[in-house]
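Report on the following structure.
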C-alpha cells in the first residue's frame, strides 16, 4: 500500500465541512456550569484585597475563586513564574499583576451572563506600580522590577561567539550597520481558548481543551493544583488553529481548579469556559518583538567576513517560551551563511506587556529579518546582485554552522535559493546572477506607482533543540488472525489544523502495508496515549513519522512471530543535540533543517503608501511531501500569515494596554489582501534523517517573507525601512509625506 | 419571548430571551454548534448563516430579527443522503479544510454566492468570501473549491 506522496483526503474533512467536528467550545455536558475570569486590565499593581462577597451573593453564582483557592499558585512552561490567580497568597510575589490579562478571580455560575455580571461585582483594591514596557528602559538597573525575586528584568543572556570579530571587521571593505525592530504579532486562531473540566469516571480531573501538548498542560495543571500527574487528564478534541499560541497555558488550570472546588463542595458539576476574542487577545502570548543592533562586513569580492548582533527580546510579563525562542533567534540572526567571525548577544527581558511566546517560526522570522535585511543591505553597499552575494556565502553540504557543529546532513539552501530566484526573474551568466526586474522603479503608466522585487532565504530547525532530550512515543496495536484486520495507533499529536491525523494515518498504513481504512487513531487523551511531544517546532511529521516507521517494523516482526494481537509501544530517539557552551554558545543544536527562499514583487503607491504584494515566489524543500495537497495548503497559509506580518498586522500597545483588542482593529489578511496566485515550488530533496526523506514543514514558509518585502520596497522606493509592518502610514513617513512620529 | 421560525427546513417554536443573538440562539438553544463564534463583532464570518437565502453574520443579528423567516445553518447543507453536498465535497477534494473552524461559514458564503450567481469569476468568488477569515489555508484552495463547484453546477444545469 503506497500512501506516501498521495494527496489523500483529510481524515477529518467530512466532519469539518458538515459542521459536525467537535471543538472544545462546542461541548456540552449535563449540569455544566460556566466560568468567567476577572482579568486585571492594569499592567502592574499589587492586589491588596479581593472582596467577592457581592459577587457570591448574586443569584445564580455557585462559587468565586481567588488566589487563596490555588493550592500551589504558580505555573509556566519552563519556569513557574506566573500566578494562577493574582492576589494575597502564600507564594511570595504572587500578590501582583504584571500585565493586563493577568487573572485575579474567577466566577462559576449557572450561566455565562451571570458569571460575567458577578465579575463586575468583585471589588479589588490595587496598589499601582510603575510600568515599564520598553526593553531598553526595562534593562536599566533602576527600572521598576517586574519580578522582585530576581535582581534584574533581564532574565537570560545567550551568546554565540566564533572567530575574531574585530579582525573580521578589519578585513571588511564594506560595513553596514543598523538598528532594526520587529513587531508583536497576534495568532488570531479562529477558535478562542476553551475548556471543559469534570471528574471522570475513574476520579481523574479531566480537562477537555485546546492545546498543542497534552502532557505539558497536564504537568502544569497538576503542579498548580498539587495533584499527581495521573490524577489529571487532558483531552484535546479538534482545535481551531494554534500556530504556537496554544503552547502555553490559558484557561486550563483555572477551569480545572473550579471543577475540583465544586467536587470538594459536594456539587460535582462540570465547568465550562470560553474566552471571548478580547480575552484571547489580551490573555495569550504574542510573537516577540525584537530590537537588533547589528553590523555586518564583507570584502569587495562579496565574502561576508563578520557579523555582530545584539538583540533584545521583549519577553513580556512572564517567561513562557522566551528563552528558547531567543536561543533559536541567535542562530537565525546570522542566516544560513558561512561567516568566519561572529558575535551574537541576545537578552531576554521582562516588561509589563502581554507575555510573548511561541508563534510559528519561534523567533526565526524576527532573526531572519535581521540577517536578510543586512545581507540585502550589504549587496546594495557592494553594488552586487543580492542573489550573487548569497551564492558566494550560503552554506553547503558539510559546512560548519556559525554555532560550531556541522550542518545536519542534507543542506539545500542553495537549491531553494536558486529555484526561487529563477522564478522571480534572476538569471546567471558570465557576470553572475542578475535580474532585469529589479531597478525598474517607475511604472510608465501611473507614475505614482513604484515597482520592486526582493528576495530572502532561511532555514528553520526541526524539533526542539540545544540538548533537549527530544523523543516521540506511540503505541501500535495490530488485530486479526491470518491478516491484519485493524491497526490502532495511539499518539499524542494534537490536530490543530495542519493535518497531523491524516499524515499519521498515511504513514502508518504505508509502514504496515495495509489500507488506510484499517487504521484507527487513539488521539491526544493523556489517559489513553503516551507522550508524542508537542505539535510545534515543525516537528510532528518528522518525529512521529520516524516513530511509526521504526515501530511498524517491530510490530510486523511480532506479527510474523504469530503474536495476536500485537501491543507495542515505541519511542523514537533522534540524533541527540547538545546544549550551548555558556561562554561561546558553541554546540550541535539541531536534528534537521527545512529550507526556503522567497521573493516578492510589490507595487508601492507613493500617494497612499499602500504596499501591494503582486506576486509571491516561494521555493521550499520539504524533503518528501507525504501529502502534496496538504503541503501546498500549509505553505499558502503560512505565506498569508507572513503577508499579514510584513504589511498589515499592527499590534498596538500603549503603556501596557492593548489598543487592538478585536479582529476589527487587529487586521489579519482577508482573501482580498493577498495575491491570487502564489508561485510555490516544492522541492523534494530527501532529508537523510527524515521519515521517507521528509523534513519538517510547519514553520519554514513563515521565515523570510518580511525581509523579502522590505528589499522589494527598497527596490521600489530607494528607502530601507528598518521596521515593519509596512502599513501605509509608515511608508508615507518613510518617503517624507507624513511627519515622523 | 416565543420564537417561531424555520431553521434548516424545520419549523421551530421555542422560548428564549428576547435579546439573544441569532448566533447564541442557534448554538445554545437549538444546539446547532456547527455555527461558530470567532469574534462576536461581525469581522470573522465564522458565524455565517443564510437568512432568507442571504449571507449574514449571526452574531450581529438578534434572533428576534429572524422570527418568521428562514434560516439555513451548516447543518442544513448536505446531499440528499445526508453526506457532503457537491460544494462540501469540493472543499474536501481541493484541500480547502485545515483546522475547520471557519469552514462552516465559508461553505455558507460559497452557497450564498452560487445561489445568486451561477457563473462567478474568480474575482467575484474572492469578493464573496472576503468577509470570512481563515487563518490556516491561505484561501486559494477555498476559492478553487467554490470555482470547481460553480463549473460543475453549470454543467449539471446544461444537462438537466
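Keeping to the stretch B:37-64, report how many residues are more than 7 Å from chain A (Cβ to nearest Cβ) and on the phi > 0 side of the Ramachandran plot.
Taking the stretch B:37-64 as the starting set, the residues that turn out to be more than 7 Å from chain A (Cβ to nearest Cβ) are B:37, B:42, B:45, B:47-64.
Imposing the further condition that a residue be on the phi > 0 side of the Ramachandran plot reduces the set to B:42, B:45, B:52-53.
Here the count works out to 4.
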Self-check item: Number of positions in the stretch A:31-55 that are touching a residue at least 24 places away in the same chain (Cβ under 8 Å), surrounded by fewer than 22 Cβ atoms within 10 Å (Cβ to Cβ) and assigned to a helix (DSSP H, G or I)
Solution: 1
Practice problem: Hey, can you tell me all the residues within the stretch A:726-741 that are in a loop (DSSP other than H, G, I, E, B) and either touching a strand residue (DSSP E or B) at 6+ places or on another chain (Cβ under 9 Å) or on the phi > 0 side of the Ramachandran plot (or both)? | Solution: A:726, A:727, A:735, A:736
Quiz prompt | Test result for residue B:100, in contact with a strand residue (DSSP E or B) (Cβ under 7 Å, 6 or more places away or on another chain), at pLDDT 95 or above, within 30 Å of residue A:359 (Cβ to Cβ) and not in a helix (DSSP H, G or I) | solution = yes
Quiz prompt | Only listed residue being in contact with a strand residue (DSSP E or B) (Cβ under 7 Å, 6 or more places away or on another chain), surrounded by fewer than 18 Cβ atoms within 10 Å (Cβ to Cβ), more than 8 Å from chain A (Cβ to nearest Cβ) and in contact (Cβ under 8 Å) with a residue 12 or more places away in the chain, chosen from B:119, B:67, B:115 | solution = B:67
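Have a look at A:289, A:365, A:355 and point out the one that is within 18 Å of the chain's Cα centre (by Cα), surrounded by fewer than 24 Cβ atoms within 10 Å (Cβ to Cβ) and either within 24 Å of residue A:646 (Cβ to Cβ) or not assigned by TED's automatic domain parsing to the domain that holds residue A:393 (or both).
Values: A:365 fails: surrounded by fewer than 24 Cβ atoms within 10 Å (Cβ to Cβ); A:355 fails: surrounded by fewer than 24 Cβ atoms within 10 Å (Cβ to Cβ).
Only one candidate passes the filter, namely A:289.
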Exercise. Take the stretch A:330-348 and flag every residue that is out of contact with any strand residue (DSSP E or B) (no Cβ under 6 Å at 6 or more places or on another chain) and either over 22 Å from residue A:457 (Cα atoms) or crowded, with 24+ Cβ neighbours inside 10 Å (or both).
Key: A:331, A:332, A:335
Quiz item: Limited to the stretch B:90-112, what total is found for residues that are facing chain A (nearest Cβ under 9 Å) and free of Cβ contacts under 8 Å to residues at least 60 places away in the same chain?
Solution: 12
Quiz item: Of (1) outside any helix (DSSP H, G or I); (2) surrounded by fewer than 23 Cβ atoms within 10 Å (Cβ to Cβ); (3) in the same structural domain as residue B:10 (by TED's automatic domain parsing), residue B:130 satisfies all except one. Which?
Solution: (3)
Quiz item: Would you pick out the residues in the stretch A:626-658 that are part of a loop (DSSP other than H, G, I, E, B), touching a strand residue (DSSP E or B) at 6+ places or on another chain (Cβ under 7 Å) and away from chain B (no Cβ under 12 Å)?
Solution: A:651
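The values are calculated or read from the model by the stated rules, or taken from the named source; none is laboratory data. Predicted model only: the values in this text are computed from it and were never measured. Every residue, glycine as well, gets a Cβ built from its backbone with ideal geometry; the counts of neighbours run over all protein chains shown.
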